[in-house]
Structure formats: C-alpha cells, structure tokens
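Inspection log for the structure reproduced underneath, given as structure tokens.
The values are calculated or read from the model by the stated rules, or taken from the named source; none is laboratory data. Keep in mind that this is a model prediction, so the values were computed, not measured. FYI the Cβ positions are ideal-geometry reconstructions off the backbone, even for glycines, and counts take in every protein chain you see. The protein model used for the area step is the full one, side chains on, heavy atoms only, and it has no ligands, DNA or RNA in it. Shrake-Rupley method; radii C 1.70, N 1.55, O 1.52, S 1.80 Å.
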Amino acid sequence: MIQHLLFAYEMNLKRAEQLVADVAEDQMAVQPSGLVNHPAWTLGHLASTSNSLGGMLGLPSTFPEAWRDSFRMGGIPSADGADYPSKAELVAQLRVQHERVAQAASAAGAEQLGQPPANPRLRERFPTVGDFMAALMTNHEAGHIGQLAAWRRAMGLGPA
C-alpha cells in the first residue's frame, strides 16, 4: 500500500511544479478574485506540512525556521511577495521535503504507522500516524493543488 501512496505523492509534486512553472516571480503572491491561497503560500505550506509529517516519521526538521510562521496551518497568506522566499526556493524546499518523507514512509513499519499522533488535536481526526500520512500525502496536497489550478484560471494563465 505504501507504494501507492508514494505514487500519488510523487504525482502531486510533479503537478504542483507544472502549475507554477510559468508563473512569474511577481505573480507568486497575487490574490485574484478573492483567492487567498496564492502559489507562494501554497508551496511553502505544502513543504511545511510535509516536514511535519517527516517529524512524525522520526525525521529531524529541515524546514527553515525563518519560514515557519509564514506557512503554518491556519495562517493567513500575505499579498506582499516580499514576505515570501523566491519561487525557486519554495519549489526546491517542497522537493526536498517530498524526498525525505518518501524515504521515511518507505522505511516505516506497521508499528510506527499504527501509533496515535503525538499532537492531541491531530488525534481527533486521525487515529494513527498512518492515517495522517495517507491524508497528508493525498487529500491535503491534492486540495491545495486544486487551489493552484483555480488560481491559474483566475489569473488568466489557463491550464498548465
């Protein structure tokens, strides 16, 4: 089953990269038509949440500490592009986090994946680390990638 999750996770990464490939640096934080989650925030948020999943899988954090507040869950994206790293840095960080999580997920055993998340708030929705991992690698990422596709349309960029 892990190989299926890893396939979807890799597919999500490729799709996110496709959706921002032709986005200009000065467009990364634009919020057209009331769409709040722009590409800069979305890429950083996905990298941040992957880093969090890596922590549940026993990895030390490698997400830049200076970026944490900008991309936290429930955060409000800023329309000021100067508040974010460059597109290249964000895409690279997302790639790094995906690689780390994919390796850790491949090595995770049933006992580790069957444990409840340490965070009590997460346990309310995800009984096990494996449940959280599956949701984060698929549903969470796909939802945000869909937001990127909608953002492109609102910007008049069309499909990637």
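Just checking, how many residues over segment 44-79 are over 30 Å from Ala110 (Cα atoms) and under 11 Å from the mean Cα position of the chain (by Cα)?
Total satisfying the criteria: 1.
Could you say which residue among Ser70, Ser78 is in a loop (DSSP other than H, G, I, E, B), surrounded by 15 or more Cβ atoms within 10 Å (Cβ to Cβ) and touching a residue at least 12 places away in the same chain (Cβ under 8 Å)? Spell out the reasoning first.
On the way: Ser70 fails: in a loop (DSSP other than H, G, I, E, B).
None of the others qualify; the one that does is Ser78.
Restricting attention to segment 130-156, which residues are open to solvent by 60 Å² or more (accessible area, probe 1.4 Å) and either assigned to a helix (DSSP H, G or I) or in contact (Cβ under 8 Å) with a residue 60 or more places away in the chain (or both)?
Taking segment 130-156 first, the residues open to solvent by 60 Å² or more (accessible area, probe 1.4 Å) are 131, 139, 147, 153, 156.
Within segment 130-156, Asp131, Asn139, Gln147, Arg153 meet the criteria.
In segment 16-37, what residues are open to solvent by 20 Å² or more (accessible area, probe 1.4 Å) and either in a loop (DSSP other than H, G, I, E, B) or in contact with an Asp or Glu (Cβ under 9 Å, 6 or more places away or on another chain) (or both)?
Start the filter on segment 16-37 by keeping residues that are open to solvent by 20 Å² or more (accessible area, probe 1.4 Å), which leaves 17-18, 21-22, 24-27, 30-31, 33-37.
Result: Ala21, Asp22, Ala24, Val30, Gln31, Leu35, Val36, Asn37.
Using beta carbons and a limit of 9 Å, which pairs, at least six apart or on different chains, have the first residue in segment 94-114 and under 14 Å from Thr128 (Cα atoms) and the second one surrounded by fewer than 13 Cβ atoms within 10 Å (Cβ to Cβ) and of a type outside the set (A, V, I, L, M)?
Matching pairs, first to second residue: Ala108/Gly58; Gln112/Gly58.
Can you go through Pro127, Pro159, Pro116 and tell me which one is outside any helix (DSSP H, G or I), open to solvent by 40 Å² or more (accessible area, probe 1.4 Å) and in contact with a Lys or Arg (Cβ under 6 Å, 6 or more places away or on another chain)?
So the residue among Pro127, Pro159, Pro116 that is outside any helix (DSSP H, G or I), open to solvent by 40 Å² or more (accessible area, probe 1.4 Å) and in contact with a Lys or Arg (Cβ under 6 Å, 6 or more places away or on another chain) is Pro116.
Scan segment 4-15 residue by residue and report those that are open to solvent by 20 Å² or more (accessible area, probe 1.4 Å) and either without any contact (Cβ under 8 Å) to a residue 24 or more places away in the chain or aliphatic (A, V, I, L, M) (or both).
Result: His4, Leu5, Leu6, Phe7, Ala8, Met11, Lys14.
Kindly indicate the residue of segment 117-141 that is more than 18 Å from Phe7 (Cβ to Cβ) and of a type in the set (Val, Ile, Thr) and also farthest from the chain's Cα centre (by Cα) among those meeting that condition.
Going through segment 117-141, the residues more than 18 Å from Phe7 (Cβ to Cβ) turn out to be 117-129, 131-132.
Restricting the remaining residues to those that are of a type in the set (Val, Ile, Thr) gives 128-129.
Working: Thr128: 20, Val129: 17 Å.
The selected residue is Thr128.
Kindly evaluate Val129 against the criterion of being modelled with pLDDT of 95 or more and under 21 Å from Asn12 (Cα atoms). Give the steps one after another, and end with the answer.
Working: modelled with pLDDT of 95 or more: yes; under 21 Å from Asn12 (Cα atoms): yes.
Answer is yes for this residue.
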